[in-house]
Amino acid sequence: MKKQIPVVMAFVFGALPFLIGGVQNWYMLTHANSVLPYGLISSVVILLWWCIAFLLNNRYHKTKAIVISLNLIAALDLLLLGIQELIRHAYWMNSVGKWSQLFYLPMLNLGFSLTNWSHSVFAAYVACFALMVAASLLGCKLREKFHK
């Protein structure tokens, strides 16, 4: 059971972008005249993702399990966004449609800057997902390197 703790914690931490995106959305709607440092927010969230993976891979060296469980919610959210954007060409008018968009909101500035060649928001979502996976993989691998 002790070896499963980092995997379960990684799954729980995987929902953190929902909280950050919800707070960012609330702030943007209530303070419409202010401008947030979107690039800094994106970078901090990716760095946070790296730190979470680094800390969770402390003793157990379960890189694959931690990377998968940390990014499982992100992958499911990307699937929901793909259905909405690519198949339906519209977002669902319910809480699933709203919250699926809010998940990647904190990282979207970075995603758009990497996909400025594309006119699709979905490409930016895919870039955000790739950055999250890369950051978590890098965090786990770096922790293994420090433990040797």
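The table below gives the values:
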| quantity | calculated |
| --- | --- |
| Top of M28, M107, M93 by mean-square fluctuation, Gaussian network on the chain, Cα under 10 Å | M93 |
| The chain: most fluctuating residue of S100, S120, S136 per GNM, C-alpha cutoff 10 Å | S120 |
| Two-decimal log10 I(q)/I(0) for region 69-148, as the Debye equation yields it once each C-alpha is a single scatterer, q = 0.13 Å⁻¹ | -0.45 |
| P(r) of region 1-144 over all Cα-Cα pairs, binned every 5 Å from zero, in whole percent | 2, 10, 18, 21, 19, 15, 9, 4, 2, 0 |
| Residue among V45, V121, V35 with the largest mean-square fluctuation in a Gaussian network model of the chain, springs linking Cα atoms under 10 Å | V35 |
| Zone residues, region 116-148, relative to H89, backbone N less than 18 Å from point 7 Å out along Cα-to-Cβ | 119-123 |
| Loop-located trypsin sites (Lys or Arg not before Pro) in region 47-77 whose Cβ has at most 13 other Cβ within 10 Å (DSSP) | R59 |
| Using a Förster distance of 30 Å, the FRET efficiency for L55-M28 (Cβ separation, nearest 0.05) | 0.50 |
| Within straight-line cross-link reach of K98, aspartates and glutamates at Cα separation under 12 Å, skipping those fewer than 8 residues along the same chain | D77 |
| Modelled FRET efficiency - R0 25 Å, E144 with V44, Cβ distances, 0.05 increments | 0.55 |
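Every number in this text was worked out from the coordinates using simple rules, so none of it is lab data. The structure presented is a predicted model; accordingly, all values stated were derived computationally and were not measured. As a convention, Cβ positions derive from the backbone with ideal geometry for all residues, glycine included, and neighbour counts pool all protein chains shown.
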